[in-house]
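Novice: One structure, pasted below without further comment.
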Amino acid sequence: MTAAATRERRVRTRVRVQGTVQGVGYRPFVYRIAGEAGLAGYVLNDEHGVLVEVEGAASAVRRFVRRLRDDAPPLAQVDRVACEPMAPGGGIGFRILESERAGAPDALVTPDTATCADCLAELLDPTDRRYRYPFINCTNCGPRFTIVRGIPYDRPLTTMAPFEMCADCRREYEDPLDRRFHAQPNACPRCGPTVRVLGGNGSTPWLAHARDPVEWVAGRLAHGAIVAVKGIGGFHLVCDAGDEAAVARLRSRKHREDKPFALMVPDLDAARRLVTLGELDERLLSGVQRPIVLAPRLDGGSVATSVAPSAPELGVMLPYTPLHHLLTSDFRAAAPDGRDALVMTSGNVSDEPIAFRDPDALERLAPIADLFLLHDRPIETRTDDSVVRAVQVGPAPPRPLMLRRSRGYVPGHVELPVPAAQPLLACGAQQKNTFCVAKGSRAWVSHHIGDLDDYSTLQAFRDGIVHFERLFAVTPEVVAHDLHPDYLSTAYALERQGVELVGVQHHHAHLAACLAEHGASTEARAVGAIFDGTGYGSDGTVWGGELLVGGLGGFERAGWLWPVRMPGATAAIRQPWRMASSWLAEAFGEPPPLPRRLARAVDVARWAAMAQVAASPAVSPLTSSMGRLFDAVGALCGLSAEVSYEGQSAVELENAAWAAPENPGRYELDTQGSLLDPRAAVRQASTELAQGVDPKQVAARFHAGVAHATVTMLTEIASARGLDTAVLSGGVFQNRLLLETVAAGLSRAGLRVLVPERLPPNDGGISLGQAAVAAASHSFS
């Protein structure tokens, strides 16, 4: 320290740092920069984040405070740095103190993070004491959200509590200059979790001559085995993606008829051999979140047909745990023909939630898996893999479109543009459920829960709410919910005692979620195309093709898709041929004859009977659903008269459209008044299909027509109301062709286009919209 510095006025400052600052190496970072500046004081974790008191020369303290934000560790997210002057105490030295546990928790828990480069280097170094240790981690990587049971984020409040650190690990853990300082999952082969292998019947398989269990399992995968692998947030079902027999056997055992499987490959080079990757795709794949990235598949990739039948895209991810790194590397070494891709699909049967506790996995997955690769570190919270794709929205560079937000992103918070005056809970939707807790300006949207029709998923929803309320110290005084009286999420909201209930219309919540994510104020208004499968409308009918004008505080239904009957109600979701029947009757004005392309899937008698079903309002409600229209056209094209997962017909219709020749033309949809009327387009499509026109051509013309009509109506509504912003949301906008075509048209018309990025456009984003509307409501402002 210079003589001038010693003569400078000495000050002491208390600094409160809030954000994602626990479990990311923030305290050792503070310790290091305080030491570099010659400052005295201390740093500690508490319920609100990180608390620092620092004393020294005034200029050094100012520089120190700036660095708290500017030079923060890579996984930290600093939201606020608040300073309070203190009286100098004349202390010397800087210390890291034990965490305080007084008061209500307010600190942010970090998401699970992919293995960092330093840990990966140690994992693969034969001279390192953690060589091939499947649970290597440090403050820059490893499990967080899935192991935490409470805050502050300290080892006793994680699932690592039963593992007592050995002397070497304890030395690292207590050294502020070590990158494992207070890394709560810190462990090694001597003291940490271990891996074991069981047979599909629960017995221990023969492991003779195997150097370790992971290598042995990789060899079994290379010979056609199906393995249930316990990961960081649950179980995967794994097999050789190039082995047609193994993949087909997995598909049969899992009862997953058509939906594509996700793949895991060891590195970016392997991914580039399977799919076309842009710059954003590669950033997403290799980022710390490590989601599944959907990208266009390449011809000739060593992937079995059964992995993704007829799909033009593959879902690919890179290893994100040390166990995955070892497994993919060992499989590459053992597999024939240079294959290196593994099917890595959720560990469940059909639409059940993924297994994450050992006894449940051993019971439910035994009929599917030949082997189990287990470990003894408990998983506190089940989290699926996140799914994302890159999309082109107008002239801007490609941006991410989240399709499922879970591992790697949760529980990262979203800032509410209008702070919640009272703590609140938003219960979300019935399908693709997430919930959201919020207080002040912070909203925590849960991991993907799933479809609440399944009892175990409903229980996961209830348990998850309890966990989030405890984790983020939210005791809801306001509970927001969907208007649908039969949603189980709505029923849960109505069960809550002593709270104010706020009902939020489904499509308004979609609009509000997108606006909130982009920081819209209470006064901000936009026109929005909210296209999805089904949502309970304010008039009691089934909405889903909505053109809304509004903001966080309310909305107006400015336009909607021509309504038709939904024969048999929810049965039409699994049997799109019912919607084809309804739309043909609406388009031609009379019950239609059975189309040629549906003759193999539907007999004449069932088809004729559907006209009577559609005539009964009691069992065939009116719907303006755009999702059901896409289902209908997909069925007319002969793509999927009956589906094994919701939206399959629409997905296959999009796939067909991508495969059509360029400049296919478009069908015309009537856009007069408030109705978006596709009847003429349905007539054209039906007539051309009967004449033998290629369904790919029909699919492309239909997409182009819907996109053009949507742009026309949105721009007219925006112009009439003096609006400059358009929102595109709802599950139908998972369709990249439709989204990009509509966004391009709106951008050319001079409108600012907003689409969801951090949250899904599907019902996974509904809970944030409910929370934003509830926060903005004047009833408790």
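Novice: Name, by its number, the condition in (1) in a loop (DSSP other than H, G, I, E, B); (2) closer than 26 Å to Arg155 by Cα that does not hold for Gly91.
Specialist: For Gly91, the exception is condition (2).
Novice: Sticking with this one: From the list Ser302, Ser286, Ser306, exactly one residue is open to solvent by 30 Å² or more (accessible area, probe 1.4 Å) and more than 24 Å from Tyr409 (Cα to Cα). Which is it?
Specialist: Ser302
Novice: So, one more: With the range 487-583 as the region, which strands (runs of 3 or more DSSP E) entirely inside it contain at least 2 residues that are buried (at least 21 other Cβ atoms within 10 Å of the Cβ)?
Specialist: In the range 487-583, 526-536, 542-551, 554-561 are the strands (runs of 3 or more DSSP E) which contain 2 or more residues that are buried (at least 21 other Cβ atoms within 10 Å of the Cβ).
Novice: When only residues in the range 47-61 that are open to solvent by 10 Å² or more (accessible area, probe 1.4 Å) and closer than 12 Å to Ser99 by Cα count, which is nearest to the chain's Cα centre (by Cα)?
Specialist: His48
Novice: Pull out all pairs, ordered by first then second residue, where Cβ-Cβ is under 7 Å, the residues are six or more apart or on different chains, the first lies in the range 652-672 and is at positive phi, and the second is of a type in the set (Lys, Arg).
Specialist: Gly665/Arg701
Novice: Looking at (1) under 23 Å from Ser777 (Cα atoms); (2) buried (at least 23 other Cβ atoms within 10 Å of the Cβ); (3) not aromatic (Phe, Trp, Tyr), find the lone condition where Thr475 falls short.
Specialist: Thr475 satisfies every listed condition except (2).
Novice: With the requirement that a residue be among the charged types (D, E, K, R) and more than 24 Å from the chain's Cα centre (by Cα), what does the range 111-153 give you?
Specialist: Asp118, Glu122, Asp125, Asp128, Arg129, Arg130, Arg132
Novice: Okay, moving on. Against the definition (surrounded by 14 or more Cβ atoms within 10 Å (Cβ to Cβ), of a type in the set (Val, Ile, Thr) and in contact (Cβ under 8 Å) with a residue 24 or more places away in the chain), how does Ile151 come out, yes or no?
Specialist: yes
Novice: Consider Gly692 carefully, then state whether it is over 16 Å from Ala569 (Cα atoms), of a type in the set (Gly, Ala, Ser), at pLDDT 90 or above and over 33 Å from the mean Cα position of the chain (by Cα). Quick ask: steps written out before the conclusion?
Specialist: On the way: over 16 Å from Ala569 (Cα atoms): yes; of a type in the set (Gly, Ala, Ser): yes; at pLDDT 90 or above: yes; over 33 Å from the mean Cα position of the chain (by Cα): yes.
When the stated conditions are applied, Gly692 passes them.
Novice: Within the range 105-122, does at least one residue satisfy the condition of being assigned to a loop (DSSP other than H, G, I, E, B), open to solvent by 20 Å² or more (accessible area, probe 1.4 Å), aliphatic (A, V, I, L, M) and closer than 18 Å to Arg27 by Cβ?
Specialist: no
Novice: Within the range 614-636, track down each residue that is touching a helix residue (DSSP H, G or I) at 6+ places or on another chain (Cβ under 8 Å) and hydrophobic (A, V, I, L, M, F, W, C). Let's see the steps before the verdict.
Specialist: Here is the first cut: in the range 614-636, the ones touching a helix residue (DSSP H, G or I) at 6+ places or on another chain (Cβ under 8 Å) are 614, 619-620, 626-636.
Across the range 614-636, the qualifying residues are Ala614, Val619, Met626, Leu629, Phe630, Ala632, Val633, Ala635, Leu636.
Novice: Only one of these is among the hydrophobic types (A, V, I, L, M, F, W, C), open to solvent by 10 Å² or more (accessible area, probe 1.4 Å) and touching a Lys or Arg at 6+ places or on another chain (Cβ under 8 Å): Ala704, Ala726, Ala749, Ala776. Name it.
Specialist: Ala704
Novice: Answer yes or no as to whether Leu759 is over 27 Å from Ala585 (Cα atoms), at pLDDT 95 or above and either basic (Lys, Arg) or part of a helix (DSSP H, G or I) (or both). Let's see the steps before the verdict.
Specialist: Values: over 27 Å from Ala585 (Cα atoms): yes; at pLDDT 95 or above: yes; either basic (Lys, Arg) or part of a helix (DSSP H, G or I) (or both): no.
The answer is no for Leu759.
Novice: Here is a further query. Report yes if some residue within the range 606-625 is out of contact with any Lys or Arg (no Cβ under 9 Å at 6 or more places or on another chain), crowded, with 22+ Cβ neighbours inside 10 Å, of a type outside the set (A, V, I, L, M) and closer than 19 Å to Pro563 by Cα; otherwise report no.
Specialist: yes
Novice: Search the range 401-413 for residues that are open to solvent by 20 Å² or more (accessible area, probe 1.4 Å) and pair each with any residue that is assigned to a strand (DSSP E or B) when their beta-carbon atoms are under 7 Å apart and the residues are at least 6 apart or on different chains.
Specialist: Leu403/Val387; Leu403/Val388; Leu403/Arg389; Arg404/Val387
Novice: Here is a further query. When you check Ala421 against the structure, is it surrounded by 22 or more Cβ atoms within 10 Å (Cβ to Cβ) and under 23 Å from Gly519 (Cβ atoms), yes or no?
Specialist: Working: surrounded by 22 or more Cβ atoms within 10 Å (Cβ to Cβ): no; under 23 Å from Gly519 (Cβ atoms): yes.
No; evaluated as a whole, the condition is false for this residue.
Novice: Just to be sure I understand the filter: pairs with C-beta atoms under 6 Å, separated by 6 or more residues or on different chains, first member in the range 436-447 and under 19 Å from Val78 (Cα atoms) and modelled with pLDDT of 95 or more, second member assigned to a strand (DSSP E or B) and among the acidic types (Asp, Glu). Which pairs pass?
Specialist: Short answer, once both residue conditions are applied: none.
Novice: If you don't mind, another one. Got a sec? Which of Pro193, Pro152 is touching a His at 6+ places or on another chain (Cβ under 7 Å), within 27 Å of Gly233 (Cα to Cα) and part of a loop (DSSP other than H, G, I, E, B)?
Specialist: Matching residue, one of Pro193, Pro152: Pro193.
Novice: Among the residues of the range 634-652, is there at least one that is surrounded by 21 or more Cβ atoms within 10 Å (Cβ to Cβ), of a type in the set (Gly, Ala, Ser), out of contact with any Ser or Thr (no Cβ under 7 Å at 6 or more places or on another chain) and under 18 Å from Glu586 (Cβ atoms)?
Specialist: No; the residues of the range 634-652 include none that is surrounded by 21 or more Cβ atoms within 10 Å (Cβ to Cβ), of a type in the set (Gly, Ala, Ser), out of contact with any Ser or Thr (no Cβ under 7 Å at 6 or more places or on another chain) and under 18 Å from Glu586 (Cβ atoms).
Novice: Right, something else. Looking at this structure, is Glu590 open to solvent by 60 Å² or more (accessible area, probe 1.4 Å), free of Cβ contacts under 8 Å to residues at least 60 places away in the same chain, over 24 Å from His506 (Cβ atoms) and out of contact with any helix residue (DSSP H, G or I) (no Cβ under 6 Å at 6 or more places or on another chain)?
Specialist: yes
Novice: Here is a further query. Working carefully through the options Glu84, Glu98, find the one that is closer than 20 Å to Val30 by Cβ, among the acidic types (Asp, Glu), open to solvent by 30 Å² or more (accessible area, probe 1.4 Å) and at pLDDT below 90.
Specialist: Values: Glu84 fails: at pLDDT below 90.
After ruling out the rest, the residue left standing is Glu98.
Novice: A follow-up question, please. I need the strands (runs of 3 or more DSSP E) fully contained in the range 392-472, keeping only those with at least 3 residues that are out of contact with any Lys or Arg (no Cβ under 7 Å at 6 or more places or on another chain) and more than 17 Å from Thr381 (Cβ to Cβ). Step through it out loud before you land on a result.
Specialist: Values: elements: 399-404, 414-426, 436-445.
Strands (runs of 3 or more DSSP E) meeting the threshold: 414-426, 436-445.
Novice: Restricting the search to the range 1-49, which residues are among the basic types (Lys, Arg) and either at pLDDT 85 or above or part of a strand (DSSP E or B) (or both)?
Specialist: Within the range 1-49, Arg9, Arg10, Arg12, Arg14, Arg16, Arg27, Arg32 meet the criteria.
Novice: A follow-up question, please. Counting only residues that are open to solvent by 40 Å² or more (accessible area, probe 1.4 Å) and modelled with pLDDT under 90, which one in the range 175-201 is nearest to Ala366 (Cα to Cα)?
Specialist: Step one: filter the range 175-201 for residues open to solvent by 40 Å² or more (accessible area, probe 1.4 Å), giving 175, 177-179, 189-190, 194, 196, 201.
Now narrow it down to the ones that are modelled with pLDDT under 90: 177, 201.
Values: Leu177: 46, Asn201: 6 Å.
Result: Asn201.
Novice: Sort through Ile379, Ile292, Ile354 and tell me the only one that's touching a Ser or Thr at 6+ places or on another chain (Cβ under 6 Å), open to solvent by less than 30 Å² (accessible area, probe 1.4 Å), closer than 17 Å to Ile232 by Cβ and at pLDDT 95 or above.
Specialist: Details: Ile292 fails: touching a Ser or Thr at 6+ places or on another chain (Cβ under 6 Å); Ile354 fails: at pLDDT 95 or above.
Criteria check complete, one pass: Ile379.
Novice: Then there's this: Please verify whether Glu244 is open to solvent by 10 Å² or more (accessible area, probe 1.4 Å) and within 30 Å of Val21 (Cα to Cα), treating the condition exactly as stated.
Specialist: Taking the combined requirement at face value, the residue does not satisfy it.
Novice: For Arg256, all conditions in the list (1) buried (at least 18 other Cβ atoms within 10 Å of the Cβ); (2) touching a Ser or Thr at 6+ places or on another chain (Cβ under 9 Å); (3) of a type in the set (D, E, K, R); (4) farther than 16 Å from Gly347 by Cα hold save one; what is the number of the exception?
Specialist: (4)
The values are calculated or read from the model by the stated rules, or taken from the named source; none is laboratory data. Computed from a predicted structure; not experimentally measured. Virtual Cβ from ideal backbone geometry, glycine too; neighbours counted across all protein chains shown. The protein model used for the area step is the full one, side chains on, heavy atoms only, and it has no ligands, DNA or RNA in it. Shrake-Rupley method; radii C 1.70, N 1.55, O 1.52, S 1.80 Å.
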